[in-house]
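Below is one structure; the comments refer to it alone.
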Amino acid sequence: MNRQDPIGIFDSGLGGLTVVKAVRERMPQEDVIYYGDTAHVPYGSKSQETILSFTRDALRFFLSHNVKCMVIACNTATALALPEIKAESPVPVLGVIEAGARAAVRASQSKKIGVIGTPATIASEAYTKALRKLEPSCDIYAHPCSLFVPFVEEGWLDRPATAMVIEEYLRPLKMAQIDTLILGCTHYPLLAPKISEFLGPEVRLVDSASSCAEELEEILKEKELLRPEGEGSETFFVTDGAAKFAENGSRFLGRSLQAIKFTPSK
Ligand code: DGL
């Protein structure tokens, strides 16, 4: 492993592109290899065994591409597979949950913090545990929002139905008077304007992408793995549907995607 090696960023599909964007903005000199397991998305409704096995495939893929570190950009995979993958990996592995929890504790005044995510992420209580570790006295209101991922995948960011679903899921959090909400899923930042419209400007929305990029930079610096200069590249691998990935991916990345390659899933 050396500074010139690429950073591996993994997600169940498209959503991790929000993390690619944050990493590229912070460290434009780094090469990024993205692995989107589009053949198996969504992870949010799957069991821990299955998610762990898919995440192991991603680690194997990255190691065969000589990455210097692996970022698990998927909240569900972080919640259900991070400790095992960290223990098995010869390169540093970083998830998104600790970074998100830290940003939320920093942002919250009242320490009434809401968390939304996929059913698997919420059931794992990974965010609750991470928040409690940082701030034992905080009140946490965690809710799964299963319909948000299909809405975002469909590009329904601003439809009347989207506003209705947001209201239905988030009403209890609004009633609980949270002052901070963790968007604990790669897809939810795209719904942020609508979520904010419903919760009001006094509720801070925290997404882990930028905090994760910040933490990654610190880790690379500390391990003397940060590339000092140059212009980085990005390569995208998906396990299915490269054309659809290119079409929808631009929504997440905020620009068009180049060089999408197919890699078969195990
Ligand atoms: N990437 C997943 C997450 O952040 C959302 C999509 C899925 O369910 O696979 O939890």
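Could you put His143, His187 in order, starting from the residue whose Cβ has the fewest other Cβ atoms within 10 Å?
His143, His187
The GluC sites (Glu not before Pro) of the stretch 179-214 that meet both conditions, a loop assignment by DSSP and at most 15 other Cβ atoms within 10 Å of the site Cβ, are Glu202. Here Lys194 is the anchor, and the lysines within straight C-alpha reach of less than 29 Å, apart from those fewer than 8 places off in the same chain, are Lys21, Lys46, Lys111, Lys112, Lys129, Lys174, Lys244.
Using the Cβ-Cβ distance between Gln258 and Glu49 with R0 set to 25 Å, the FRET efficiency from 1/(1 + (r/R0)^6) comes to roughly 0.10. Residues Thr235, Thr76, Thr180, arranged from fewest to most other Cβ atoms within 10 angstrom of their Cβ, appear as Thr235, Thr180, Thr76. Listed by chain and number, the aspartates and glutamates whose alpha-carbon sits under 20 Å from that of Lys221, ignoring those within fewer than 8 places in the same chain, are Asp5, Glu25, Glu30, Asp31, Glu98, Glu229, Glu231.
As a ratio to 2.2 N^0.38 Å, the alpha-carbon radius of gyration computed for the stretch 61-137 takes the value 1.22. Helices in the chain that qualify as membrane-span-like (whole DSSP H runs, Cα extent of at least 20 Å along the helix axis, mean Kyte-Doolittle hydropathy of 1.0 or higher) do not occur. For Ala142, the residues whose amide H sits under 5 Å from its own are Val115, ignoring neighbours fewer than 5 places away on the same chain, with H placed 1.01 Å from N.
Value of Rg to Rh for the chain, rounded to two decimals, is 0.95; Kirkwood radius and Rg both from alpha-carbon coordinates.
Taking Cys74, Cys212, Cys138 in turn, the Gaussian network model of the chain (Cα-Cα springs below 10 Å) assigns the largest fluctuation to Cys138. Relative intensity of the stretch 165-250 on a log10 scale, I(q)/I(0) at q = 0.11, 0.24, 0.25 Å⁻¹, equals -0.53, -1.14, -1.18, per a Debye sum over C-alpha point scatterers of equal strength in the absence of solvent.
Values in this text are rule-based calculations from the coordinates and carry no lab data. Quantities reported herein were computed from a predicted structural model and do not represent experimental measurements. As a convention, Cβ positions derive from the backbone with ideal geometry for all residues, glycine included, and neighbour counts pool all protein chains shown.
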